[in-house]
Amino acid sequence: MNRYKKRMILAPVAASLAALMVACGSGRADSGSVSVQQPGRQPVTGVDWRVDSLTVGGTTRHAPASARLRIDEDGKAAGNLGCNQFSARVTVHGDHLTFGDLRTTRMACAPDRMAFERALARTLTTGTLLATADHAKLTLTDGDGDRVHLSRNAPG
């Protein structure tokens, strides 16, 4: 089954599970916050993340130095895929993120950077990603087990 069909089938299931988790939650109303944060852990939103590497199909590729990602609390994501700038809407529910279609610039770079960029864009948009944030590190994992490894940019 291709990833698009999986997304079409899993989207209603994920929505139902999210509603169930809210209904069975702590009894507190959802504040609408999009931060993925646990006590003592790094929030995902409002942070400039450097993309360190990408693991697809068990193979890890190091990211070009320009690759980065920022997710704002208002659901806007932007960054660099390794060559081209991008922006997208992102929905954050707890520790799950779903990126909408990426809007990108269309510059050409070296073949290895372009290959990394295509793989990163595909991983970000294949469906819901599980975000695991710990201190200055963030890992986004898709349903196939592919992972984007990020680290917090040092304050400039």
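The values are calculated or read from the model by the stated rules, or taken from the named source; none is laboratory data. Remember, predicted model here, so these are calculated numbers, not experimental data. Quick reminder, even Gly has a Cβ in these numbers, built from the backbone with ideal geometry, and neighbours come from all protein chains shown. Calculation scope for accessible area: heavy atoms of the full protein, side chains included, ligands and nucleic acids excluded. Shrake-Rupley method; radii C 1.70, N 1.55, O 1.52, S 1.80 Å.
Computed values, structure above
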read-out	value
Looking only at the stretch 123-141, and only at residues there that are open to solvent by 50 Å² or more (accessible area, probe 1.4 Å) and free of Cβ contacts under 8 Å to residues at least 40 places away in the same chain, the one that is nearest to the chain's Cα centre (by Cα)	L130
Lone unmet requirement of (1) touching a Lys or Arg at 6+ places or on another chain (Cβ under 6 Å); (2) not in a strand (DSSP E or B) for T139	(2)
Tally, over the stretch 142-156, of residues that are at pLDDT 95 or above, under 15 Å from L69 (Cα atoms) and of a type outside the set (D, E, K, R)	4
Filtered residues of the stretch 40-87 (kept if over 13 Å from E117 (Cα atoms) and of a type in the set (G, A, S))	G40, G46, G57, G58, G75, A77, A78, S87
Residue within the stretch 86-101 that is open to solvent by 40 Å² or more (accessible area, probe 1.4 Å), at pLDDT 95 or above, assigned to a loop (DSSP other than H, G, I, E, B) and not basic (K, R) present	yes
Test: residue in the stretch 22-43 that is at pLDDT below 50, within 13 Å of the chain's Cα centre (by Cα) and under 23 Å from D144 (Cα atoms)	yes
Breaking point among (1) surrounded by 15 or more Cβ atoms within 10 Å (Cβ to Cβ); (2) of a type outside the set (K, R); (3) free of Cβ contacts under 8 Å to residues at least 40 places away in the same chain, for M107	(1)
